[in-house]
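Novice: First, the structure itself, so that you have it in front of you.
Laboratory data are not the source of any read-out in this text; all were calculated from the coordinates shown. Fair warning: this is a prediction, and the values are worked out from it, not measured in the lab. Cβ: placed from backbone, ideal geometry, glycine included. Neighbour counts: every protein chain shown.
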Amino acid sequence: MSSNWSRARTREMLEPGQRVTVDLSGLVIKGVSFSGNVKKALGTIVQQVSPAPPVYLVELLFSFKGIKRVEVPGERIHLA
């Protein structure tokens, strides 16, 4: 199975309550710039906020500078 296919399937299968890791590196969210070290932040899918391109609201296990919930593009999310 190709890795592109498996990444596409992972994105399609995301549902509220699923544990995931998110790559926040290089993103700026609510004025907070995430360094290249934040590639596997643990979180839980809350809901899908946009179908195309897919974007999900993720509640992080740990807050980063007070940020607990983030909207993340589907390609930056992986099943934990």
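Novice: What number, rounded to the nearest 500 deg cm²/dmol, is the helix-based mean residue ellipticity at 222 nm of the chain, given -39500 (n - 2.57) per DSSP H run of at least four residues and division by all its residues?
Specialist: -3500 deg cm²/dmol
Novice: Regarding the chain, what's the average projected area of the Cα-atom convex hull, expressed in nm²?
Specialist: 5.2 nm²
Novice: Any idea what the dipole of the chain comes to, in debye rounded to 20, about its Cα centre with Lys/Arg Cβ at +1 and Asp/Glu Cβ at -1?
Specialist: 220 debye
Novice: Contour minus end-to-end for GLN47 and LEU79, with contour as 0.36 nm per residue of separation and end-to-end as the Cα-Cα distance?
Specialist: Additional length available on full extension: 10.0 nm.
Novice: Running a GNM on the chain with Cα contacts under 10 Å, which residue among VAL32, VAL70, VAL46 ends up with the highest mean-square fluctuation?
Specialist: The residue that fluctuates most here is VAL32.
Novice: Taking the Cβ of each residue in ARG19, ARG69, ARG76 as the centre, tally the other Cβ atoms inside 10 Å and list the residues starting with the fewest.
Specialist: Least crowded to most crowded, the residues run ARG19, ARG69, ARG76.
Novice: Would you kindly derive the ³J(HN,Hα) couplings of segment 45-62 from the backbone phi angles with the Karplus curve 6.51 cos²θ - 1.76 cosθ + 1.60 (θ = phi - 60°), listing them in order in whole Hz, with x for Gly and Pro?
Specialist: Ordered by residue, 3J(HN,Hα) equals 5, 9, 6, 8, 9, 8, x, 9, x, x, 10, 10, 8, 10, 8, 6, 5, 10 Hz.
Novice: Using Cβ contacts closer than 10 Å as the measure, can you line up PHE62, PHE34 from fewest to most?
Specialist: Exposure proxy ranking, most exposed first: PHE62, PHE34.
Novice: Turning to a different aspect of this structure: Based on other C-beta atoms within 10 Å, arrange ILE45, ILE67 from fewest to most.
Specialist: Ascending Cβ contact count within 10 Å gives the list ILE67, ILE45.
Novice: Here's a follow-up. What do you get for the angle between helix 3-12 and the principal long axis of the chain? Use alpha-carbon atoms, 0 to 90 degrees, nearest ten.
Specialist: Taking the Cα atoms of the chain, the angle to 3-12 is about 70 degrees.
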